[in-house]
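Here is the structure we will look at.
The values are calculated or read from the model by the stated rules, or taken from the named source; none is laboratory data. Note that the structure is predicted; figures quoted are calculated from it, not measured. Note that we place each Cβ from the backbone using ideal geometry, even for glycine, and neighbour counts take in every protein chain shown. In case anyone asks, the SASA skips ligands and DNA or RNA and just uses the protein heavy atoms, side chains included. Shrake-Rupley method; radii C 1.70, N 1.55, O 1.52, S 1.80 Å.
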Amino acid sequence: MQDYGGPVGFRMALAHPDRIEALIVQDAVAHNEGLGANWKARRAFWADRAANESTLRTNLLSLATTRTRHVGNDPNVERYDPDLWTDEFAFLNQPGQADIQSDLFYDYRMNVEAYPRWQTWMREKQPRLLVLWANMTCRSSLQNRRPIARDVRRRKSTSSMQATFALDTAADQISQLVRSFMK
């Protein structure tokens, strides 16, 4: 489960817990502590959409924010293909995308409301869990490490030194971790 895939994965897990063999999480948030400063504008948007939609769009859809989603604060930016964020930025600027992305982020508040159910499920089920942390991300994934550790004691937690999309620069390392975990 990664990014938007986190809420999807948790909803699937709660709907069909018997189908879950393990969870593999990379920068998916299930606790308020995992939402950092970047979410201040997003929370204001949830509280008053009309008054804050312009700020949200600037926060979410700018080229700088799009680039940061990929490279975080990794000092080795040259390892990333700039097409990763320029292609995404071009897509986000297609007609209608600003409205779609605003709607998605407005609906994201329902995920935050579901966090307590996801946390309870993790505490009760204690699923096998591999967590890949993106230390160089703009998000507060490191702040989400402690709450998940409280919820799931049977976990393997590891750090990767990449940004949010760790597969951009560490696909081989991550695939080895996943293979080893799933044995």
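Residues in segment 16-73 that are closer than 19 Å to Val131 by Cα, over 19 Å from the mean Cα position of the chain (by Cα) and either among the polar types (S, T, N, Q) or surrounded by 14 or more Cβ atoms within 10 Å (Cβ to Cβ) (or both): Ile20 alone.
Table: residues versus (1) modelled with pLDDT under 95; (2) farther than 29 Å from Ala47 by Cα; (3) in a loop (DSSP other than H, G, I, E, B); (4) touching an Asp or Glu at 6+ places or on another chain (Cβ under 7 Å).
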site	(1), (2), (3), (4)
Asp74	yes, yes, yes, no
Arg117	no, no, no, no
Trp133	yes, yes, no, no
Lys156	yes, yes, no, no
Ser180	yes, yes, no, no
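In segment 78-106, the qualifying residues are those that are part of a loop (DSSP other than H, G, I, E, B) and on the phi < 0 side of the Ramachandran plot, and the one that is least open to solvent (accessible area, probe 1.4 Å) is Tyr80.
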